[in-house]
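Visitor: First the structure, then my questions, so here it is.
The values are calculated or read from the model by the stated rules, or taken from the named source; none is laboratory data. In this text, all values refer to a predicted model and were calculated from it rather than measured experimentally. Backbone-built Cβ (ideal geometry, glycine too); neighbour counts: all protein chains shown. Ligands, DNA and RNA are stripped out before the accessible areas are found, and what is left, the full protein with its side chains, is counted by its heavy atoms. Shrake-Rupley method; radii C 1.70, N 1.55, O 1.52, S 1.80 Å.
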Amino acid sequence: LHWEEARQFNVGLDFLAFNNRLSLELDYYVKTTKDILTNVNLPGVSGTSHNPLSNIATARNQGLEFNLGWSDNVNGFDYRFNFVGTTLKNEVISVNQDLPPLENGANRTLVGYPIGGFWGYEVLGIYQNKETVAQTAHIDGAGPGDIWYRDQNGDGVIDKEDRIYMGSYLPKVT
């Protein structure tokens, strides 16, 4: 167990035009954090309810911050408009292989995806009859009126291996 280590690279541009009435500020950033600290959920058979702190992964955040502005004075009236925003791409670069899978309900942390991404089942529709249930992979106890999920890996069983990436809690643009 040790502290996280973060390295960041930024490059920016400031631009003024039209007698300083138009302004543009751009900043591109890349931040890589190694040995991210978080509590790890241990299996119940471990004999403890304590979730120890551990260095779990390396992740990269990159994006663009911008501020586009216009200011002027018309007949003694000063005004300024700004359009400000940020883009963000979060990606897990590596995961500590000595730990149990990093899952918490519908959230999973996997290489190539955002930290704590949402994973769920692809819905094909609603079962209309018993025959369709019997002919397709389904969750135990499924019947007419229940949700019909896609068997993503084709093994004939609907389980957590059939979940697909559905998005992230992190906004791409703000």
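Visitor: Given the options Pro114, Pro52, name the one that is touching an Asp or Glu at 6+ places or on another chain (Cβ under 8 Å) and open to solvent by less than 80 Å² (accessible area, probe 1.4 Å). Before you say what the answer is, go through the steps one by one.
Guide: Details: Pro52 fails: touching an Asp or Glu at 6+ places or on another chain (Cβ under 8 Å).
That would be Pro114, the only listed residue that is touching an Asp or Glu at 6+ places or on another chain (Cβ under 8 Å) and open to solvent by less than 80 Å² (accessible area, probe 1.4 Å).
Conditions tested, residue by residue: (1) without any contact (Cβ under 8 Å) to a residue 60 or more places away in the chain; (2) open to solvent by less than 70 Å² (accessible area, probe 1.4 Å); (3) touching a strand residue (DSSP E or B) at 6+ places or on another chain (Cβ under 6 Å); (4) assigned to a helix (DSSP H, G or I).
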position	(1), (2), (3), (4)
Asp98	yes, no, no, no
Leu110	yes, yes, no, no
Trp119	yes, yes, yes, no
Ala134	yes, no, no, yes
Ile139	yes, no, no, no
Ala142	yes, yes, no, no
Gly145	yes, yes, no, no
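Visitor: Sticking with this one: With respect to Phe66, determine if the residue is open to solvent by 90 Å² or more (accessible area, probe 1.4 Å), in contact (Cβ under 8 Å) with a residue 12 or more places away in the chain, hydrophobic (A, V, I, L, M, F, W, C) and in contact with a strand residue (DSSP E or B) (Cβ under 8 Å, 6 or more places away or on another chain). Quick ask: steps written out before the conclusion?
Guide: Values: open to solvent by 90 Å² or more (accessible area, probe 1.4 Å): no; in contact (Cβ under 8 Å) with a residue 12 or more places away in the chain: yes; hydrophobic (A, V, I, L, M, F, W, C): yes; in contact with a strand residue (DSSP E or B) (Cβ under 8 Å, 6 or more places away or on another chain): yes.
No.
Visitor: Which is in contact with a Pro (Cβ under 6 Å, 6 or more places away or on another chain), over 30 Å from Leu26 (Cα atoms) and of a type outside the set (Lys, Arg), of Asn129, Asn104, Asn153? I'd like the intermediate steps shown before the answer.
Guide: Values: Asn104 fails: in contact with a Pro (Cβ under 6 Å, 6 or more places away or on another chain); Asn153 fails: in contact with a Pro (Cβ under 6 Å, 6 or more places away or on another chain).
When all the criteria are applied, what remains is Asn129.
Visitor: Still on this structure, I have one more. It is to be established whether one or more residues within the range 148-171 are more than 26 Å from Asn39 (Cα to Cα), of a type outside the set (Gly, Ala, Ser) and assigned to a strand (DSSP E or B).
Guide: Yes, because at least one residue in the range 148-171 is more than 26 Å from Asn39 (Cα to Cα), of a type outside the set (Gly, Ala, Ser) and assigned to a strand (DSSP E or B).
Visitor: Could you run through the range 69-93 and say how many residues are loosely packed, with under 12 Cβ neighbours inside 10 Å and among the hydroxyl-bearing types (Ser, Thr, Tyr)?
Guide: 1
Visitor: Which of the residues belonging to the range 84-96 are modelled with pLDDT of 95 or more and not in a strand (DSSP E or B)?
Guide: The one that is modelled with pLDDT of 95 or more and not in a strand (DSSP E or B): Leu88.
Visitor: Collect the residues in the range 121-132 that are open to solvent by 50 Å² or more (accessible area, probe 1.4 Å) and either without any contact (Cβ under 8 Å) to a residue 12 or more places away in the chain or assigned to a loop (DSSP other than H, G, I, E, B) (or both), keeping them in residue-number order.
Guide: Start the filter on the range 121-132 by keeping residues that are open to solvent by 50 Å² or more (accessible area, probe 1.4 Å), which leaves 121-124, 126, 128-131.
Across the range 121-132, the qualifying residues are Tyr121, Glu122, Gln128, Asn129, Glu131.
Visitor: Within the range 10-20, is there a residue that is of a type in the set (Asp, Glu) and surrounded by 15 or more Cβ atoms within 10 Å (Cβ to Cβ)? Reasoning before the result, please.
Guide: So in the range 10-20, the residues of a type in the set (Asp, Glu) come out as 14.
Filter again for surrounded by 15 or more Cβ atoms within 10 Å (Cβ to Cβ), leaving none.
No, the range 10-20 contains no residue that is of a type in the set (Asp, Glu) and surrounded by 15 or more Cβ atoms within 10 Å (Cβ to Cβ).
Visitor: Somewhere in the range 151-174, is a residue in contact (Cβ under 8 Å) with a residue 60 or more places away in the chain and charged (D, E, K, R)?
Guide: yes
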